[in-house]
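The structure under discussion appears below in the form of structure tokens.
The values are calculated or read from the model by the stated rules, or taken from the named source; none is laboratory data. Small disclaimer: the values here were computed from a predicted structure and weren't measured. Every residue, glycine among them, receives a Cβ derived from its backbone with ideal geometry; neighbour counts consider all protein chains shown. Ligands, DNA and RNA are stripped out before the accessible areas are found, and what is left, the full protein with its side chains, is counted by its heavy atoms. Shrake-Rupley method; radii C 1.70, N 1.55, O 1.52, S 1.80 Å.
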Amino acid sequence: MKKVITFGSFDLFHDGHYRLLKRAKALGDYLIVGVTTEKYDEYRGKLNVVDSLMERIENVKRTGFVDEIIIEDHEGQKVEEIQKHGVDIFTVGSDWKGKFDYLKQYCDVIYLERTKGISSTMKRQKYYNIVRLGVIGSGRIANRFAPEVKFVSGTNLEGVYNPNIDSARKFAQLFELKFFTDKLECFFEKIDAVYIASPHNTHYEYIKQALQNG
């Protein structure tokens with residue numbers, strides 16, 4: 001029997017969650033799903049979870065794809081569960097690509113393509129004010145920033161600006177951003193806050209223009 005495991009909050013359950021679980025089940029014979037507790041989400045910096053733990057468990061169960069549900073409540077539990085259950089495949093959405101490569105020493109790791117155009121962040125905007133972030137620059141620092149910003153509650157990285165449009169395009173495709181541009185005015189119109197990851201000698205001018213654009 002080939003065992004597959006995945007983890008998540010599964011808050012504000014949507015079609016993207018449903019499709020991910022369906023594809024996860026198709027990878028093997030037995031699907032285990034770890035659902036995070038509110039306390040562990042808070043520890044991870046995810047402060048705006050809407051649904052209760054029991055509601056999220058019921059939504060996962062209702063799909064009919066899951067053979068076993070476990071509760072994730074502490075760091076390091078993924079390795080523990082993989083070893084305990086003799087898991088063959090760990091899977092998660094492609095927006096976490098590379099983040100769980102360390103698990104490859106215990107089982108196969110597969111990143112499933114996420115469903116474009118829908119996310120818990122979008123649904124959460126009905127309840128909370130989500131800050132639309134943009135990043136200026138698409139080099140080494142920006143490439144470190146993009147994966148980490150997913151851990152910041154109440155924010156969503158929307159787009160990137162770079163005067164080199166090809167670099168901006170590649171960055172947006174890599175991190176599945178909504179937009180990329182080489183027009184600074186267009187960039188500022190689509191965001192609420194900016195992270196400046198350009199060379200140091202450009203910081204002053206970008207900071208000044210960001211402030212002038214609110």
| task | Per DSSP H run of n ≥ 4, the term is -39500 (n - 2.57); total these for the chain, divide by its residue number, and report the mean residue ellipticity at 222 nm rounded to 500 deg cm²/dmol. | result | -10000 deg cm²/dmol
| note | Given a Förster distance of 30 Å, the FRET efficiency implied by the Cβ-Cβ spacing of Val79 and Asn164, rounded to the nearest 0.05, works out to 0.15
| Gap in Å between the Cα centre of region 125-195 and the Cα centre of region 62-107? | 28 Å
| message | At R0 = 41 Å, how high is the FRET efficiency between Glu185 and Ser94 if r is their beta carbon distance? Nearest 0.05 is fine. | response | 0.85
| Rolling a 1.4 angstrom probe over the protein heavy atoms, how many square angstrom per residue are accessible across region 1-86? | 49 Å²
| task | Kindly identify region 153-214 as rounded, prolate or oblate by the Cα gyration tensor criterion: order the square roots of the eigenvalues as a ≥ b ≥ c, call it rounded if a/c is under 1.5, otherwise compare a/b with b/c, prolate if a/b is larger, else oblate. | result | oblate
| said: With the cut-off at 1.5 for a/c, could you classify region 32-75 from its C-alpha gyration tensor as rounded, prolate or oblate? | reply: oblate
| request: Would you kindly state the longest site-free stretch of the chain, with sites defined as GluC sites (Glu not before Pro) in a DSSP loop (not H, G, I, E, B) surrounded by at most 16 other Cβ atoms within 10 Å? | output: 1-74
| task | Provide the FRET efficiency to the nearest 0.05 for the Glu205-Glu42 pair, computing r from the beta carbons and using R0 = 30 Å. | result | 0.20
| request: Round to the nearest 10 and report in Å² the accessible area of Ser198, as given by a 1.4 Å probe over the protein chains' heavy atoms. | output: 20 Å²
| request: Kindly provide the Kirkwood hydrodynamic radius of region 1-79 in Å, to one decimal, from all pairs of distinct alpha carbon atoms. | output: 12.8 Å
| request: Considering only Asp88, Asp166, Asp11, give the residue with the highest GNM mean-square fluctuation for the chain, with springs between Cα atoms whenever their separation is below 10 Å. | output: Asp166
| Normalised alpha carbon radius of gyration of region 1-151 [divisor 2.2 N^0.38 Å] | 1.05
